[in-house]
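FYI, it's all coordinate maths here, none of it is from the lab. Computed from a prediction, not measured in an experiment: that's the story for all the values here. Please note: Cβ atoms are built from the backbone with ideal geometry, for glycine as well, and neighbour counts cover all protein chains shown.
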Amino acid sequence: MGGSDRKRRLAEGRDGPNPSGKHAKYAIEDGKLVRKGESCPECGDGVFLAIHADRKSCGRCGFTVTTVASE
């Protein structure tokens, strides 16, 4: 069917994994897993805050922290 052609065309344009994917939020230092992103204080570890231009927000519980943009 036509779906396989679409998937092949989309896959050809990729250079590698998505840099903003989950694997970019972790690092291995000294053989231990280290979380790079800021975690939600209400949900706990494993739930990262999304970074927007003027705020940081949790997609799970809706916790939001506004940030001041320095200009």
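Simple point charges give the picture: +1 on the Cβ of Lys and Arg, -1 on the Cβ of Asp and Glu, and for the stretch 21-71 a dipole about the Cα centre of about 200 debye. A cut-off under 14 angstrom between Cβ atoms defines the neighbours of Gly59, and their net charge, with Lys, Arg +1 and Asp, Glu -1, is +3. Neighbour counting of Cβ atoms within 10 Å sorts the residues Lys32, Lys25, Lys56, fewest neighbours leading, into Lys32, Lys25, Lys56.
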